[in-house]
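Note sheet for the following structure.
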Amino acid sequence: MIRICKSCQSPFRPHQKVPHQKYCSNDTCQKARRRYWQRQKRLNDDDYKQNQYEAQQTWINKNPDYWRKYREQHPGYVERNKRLQKKRYLMTKNASIRPESKIRKIAKMDDLIKNYHINSGYYMLYPADVGSVAKMDPLLVRIKVIAVA
């Protein structure tokens, strides 16, 4: 049986001991699988979410100047971040000029899951039918949202 990886959209054969495998064995896809699992765990398990928060706070308290040192040692990171932040700021500043754009929160990891909606824009459409393995090219489509429920 051949399946399509949820991450890279490539066909793969599931491992015989993992009959419901949804991700291929590629490292990038396995990282995506773990991120998805962790996101779902944080959403559905308050104890796990609290433990993650406490572990993060403990690490922050042990390494209070980590980001300052990182920025000092990686000036390219600082420049890239400044450039991207200016771009994000301009998007929010010009949102009233372009009605199709909306002001986006900049660093909210779980926001998309809680408030899932489709924005107007271009999307890559992949075949969901695993039987059509021969032709797996994505189709570029434009979605225009007419009304929001």
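So if I check each of Lys31, Lys22, Lys17, which one is surrounded by 11 or more Cβ atoms within 10 Å (Cβ to Cβ) and part of a loop (DSSP other than H, G, I, E, B)? Exactly one residue qualifies, and that residue is Lys22. The condition of being touching a Pro at 6+ places or on another chain (Cβ under 6 Å), assigned to a loop (DSSP other than H, G, I, E, B) and surrounded by 11 or more Cβ atoms within 10 Å (Cβ to Cβ) does not hold for Gln9. Within the stretch 42-53, the set of residues being of a type outside the set (Phe, Trp, Tyr) and surrounded by 13 or more Cβ atoms within 10 Å (Cβ to Cβ) comprises Arg42, Leu43, Lys49, Gln52.
Read-outs throughout are calculated quantities, based only on the coordinates presented, and are distinct from any laboratory measurement. A quick note: this is a predicted structure, and the numbers were derived from the prediction, not measured. Virtual Cβ from ideal backbone geometry, glycine too; neighbours counted across all protein chains shown.
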